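Report on one structure; see the data block that follows.
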Amino acid sequence: MSFKNLLVYRFEEPIKDTLETVEEKLSEKPLTACLTQEMESIGWLPVFKEGKQYVEKINNALFFRLGIEQKILPNSAVKTAVDKKIEEKDLKHVSRSEMKELHELVTNELLPNALVNRHSILAYIDLEKNWLVVDASSTKKASLVTSHLRKTLGSLPIVPLTPENSVNAALTHWALHGIQSDVLSMLDEIELKELKDEGGNAKFKGVALDSKEVQDPLKEGWQVTKVMLEYDEQMSFSMSGDFIFKRLKFLERFEENLESEDDPLLQIQAELYLAIDLYRRVVQNVYDLTNNAK
């Protein structure tokens with residue numbers, strides 16, 4: 001149940017909601033099945049499949065899960081049904097407004113029998129760091145959580161946690177001069193971009209960062225757009241200019257600290273407890289190093 005991504009927001013004021021308050025508010029807006037003519041339904045799910053709580057407090061963090069249920073209605077299926085309607089009615093010339101009406105008619109006819117896909121997004125409020133952390137690889141996906149959480153709680157005074165310095169500039173500086181850190185290191189997977197109109201792109205994997213292939217473009221002014229990083233031999237992740245931690249993967253040193261539990265739920269909770277501490281250190285460390293990159 002570990003996170004695959006970390007998209008972090010900072011609360012602009014201290015968090016006032018308690019565990020009990022958030023639990024009560026989320027439980028009032030649970031995910032319900034899509035109605036016959038609904039394309040999508042959004043609501044809260046219990047944090048754990050085995051549990052009933054909409055909020056779980058672990059290591060001073062409030063975990064919650066947003067559920068999304070969506071009807072699967074491919075554009076190709078709608079187009080085929082519309083074309084069939086046109087043939088049946090023997091329509092020779094269809095205006096834009098008539099085509100729109102046909103699309104709406106066909107969509108309403110297909111919706112009741114459309115397949116349904118259900119997925120969820122995990123997030124947590126870090127009471128210690130005053131952060132909201134979403135397991136999302138894009139702001140668009142994270143906005144599903146933030147907008148629904150704002151509606152549920154009544155307000156959500158957050159802003160993205162982004163360094164003052166350019167992230168791409170910091171990544172480029174590290175690739176050229178190394179990272180002044182005992183715990184953060186760059187791995188041999190990097191992407192570069194030439195900073196000019198219609199400039200080129202380059203991807204390297206398994207090529208040493210101090211090699212001529214990587215260093216020559218950097219010395220010519222190319223910029224790092226994405227790189228794999230490793231923190232304290234415990235976790236690897238991808239970082240790019242949006243300051244979203246992606247492709248998170250726990251490494252052997254982290255897993256060695258995990259104690260085996262007979263109860264699967266206790267095992268998940270134990271892993272999350274340790275993960276929260278690690279996430280705090282990783283995000284804060286990369287944030288500070290990015291701001292200090294010269």
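Taking the Cα centroid of region 122-141 and of region 17-43, what is the distance between the two, rounded to the nearest whole Å? That distance is 18 Å. Modelled this way, with points 7 Å down the Cα-to-C-beta line, the labels at Lys79 and Glu12 are 4.4 nm from one another.
Loop-located trypsin sites (Lys or Arg not before Pro) across region 1-73 with a Cβ neighbour count of 10 or fewer within 10 Å are Lys16, Lys52, with loop assigned by DSSP. Dividing the helix sum by the residues of the chain, where each DSSP H run of 4 or more adds -39500 (n - 2.57), gives a mean residue ellipticity at 222 nm of -11500 deg cm²/dmol.
Going through the cross-link list Lys4/Lys196; Lys129/Lys246; Lys4/Lys151; Lys29/Lys246; Lys193/Lys294, which pairs have a Cα-Cα distance over 24 Å in this structure? Display every interim value, and only then the final one.
Working: Lys4/Lys196 33 Å; Lys129/Lys246 20 Å; Lys4/Lys151 26 Å; Lys29/Lys246 29 Å; Lys193/Lys294 20 Å.
With Cα atoms farther than 24 Å apart: Lys4/Lys196; Lys4/Lys151; Lys29/Lys246.
Taking every protein chain into account, the accessible area of region 75-168 amounts to 60 square angstrom per residue (probe 1.4 Å).
Projecting the Cα positions of Ser27, Ser2, Gly43 onto the charge dipole of region 1-45 (unit charges on Cβ atoms of Lys, Arg, Asp and Glu, taken about the Cα centre) puts Ser2 furthest along the positive direction. Ordering Lys89, Lys205, Lys294 by accessible surface, largest first, gives Lys294, Lys205, Lys89; the 1.4 Å probe counts only protein heavy atoms, with every chain in place.
Calculate the dipole size of the chain relative to its Cα centre from +1 charges on Lys and Arg beta carbons and -1 charges on Asp and Glu beta carbons; express the result in debye to the nearest 20.
Working: 37 positive and 49 negative charges, 213 e Å.
Using Cβ point charges on Lys, Arg, Asp and Glu, the chain gives about 1020 debye.
Ignoring any ligand, DNA or RNA, what whole percent of the accessible area of the chain comes from carbon and sulfur when the probe is 1.4 angstrom? Here it works out to 47 percent.
Out of region 17-65, which GluC sites (Glu not before Pro) are coil in DSSP terms and have no more than 15 other C-beta atoms within 10 Å?
Values: sites: Glu20, Glu23, Glu24, Glu28, Glu38, Glu40, Glu50, Glu56; in loops: Glu28, Glu38, Glu50.
Of the GluC sites (Glu not before Pro), the ones in loops of region 17-65 whose Cβ has at most 15 other Cβ atoms within 10 Å are Glu28, Glu38, Glu50.
Computed from point charges on the beta carbon alone (+1 for Lys and Arg, -1 for Asp and Glu), the dipole magnitude for region 124-252 about its Cα centre is near 720 Debye.
Quick one: net charge of Leu6's neighbours, Cβ under 11 Å, K/R +1, D/E -1? Intermediate values should be presented prior to the final figure.
On the way: positive: Lys4, Lys246, Arg247, Arg280; negative: Asp126, Asp135.
Counting the neighbours of Leu6, the net charge comes to +2.
The residue list Trp131, Phe245, Ser166 was ranked by how far each Cα lies along the charge dipole of the chain toward its positive end, using unit charges on Cβ atoms, and Ser166 comes out on top.
The angle between the Cα long axis of helix 75-88 and the main principal axis of the chain comes to about 20°, on a 0 to 90 degree scale.
The per residue volume of the convex hull around the alpha-carbon atoms of region 169-223 is 70 Å³. Loop-located GluC sites (Glu not before Pro) in region 147-215 (DSSP state not H, G, I, E or B) with no more than 11 neighbouring Cβ atoms inside 10 Å: Glu164, Glu198. Here region 97-143 is treated with +1 on each Lys and Arg Cβ and -1 on each Asp and Glu Cβ, and its dipole about the Cα centre works out to around 220 debye. Quick one: Cα centre-to-centre distance for region 244-294 and region 146-175, in angstrom? Centre-to-centre (Cα) distance: 19 Å. Each other residue within a Cβ distance under 11 Å of Val133 adds +1 if Lys or Arg and -1 if Asp or Glu, for a net charge of +1.
For log10 I(q)/I(0) by the Debye sum over Cα atoms at q = 0.08, 0.12, 0.15 Å⁻¹, the value computed from the atomic coordinates appears in the list (i) -0.50, -0.91, -1.12; (ii) -0.55, -0.86, -1.13; (iii) -0.35, -0.79, -1.22 under label (i).
The values are calculated or read from the model by the stated rules, or taken from the named source; none is laboratory data. Predicted model only: the values in this text are computed from it and were never measured. A quick note on method: Cβ atoms are made from the backbone with ideal geometry, for glycine too, and the neighbour counts reach across all protein chains shown. We work out accessible area using only protein heavy atoms, side chains counted, and drop any ligands, DNA or RNA first. Shrake-Rupley method; radii C 1.70, N 1.55, O 1.52, S 1.80 Å.
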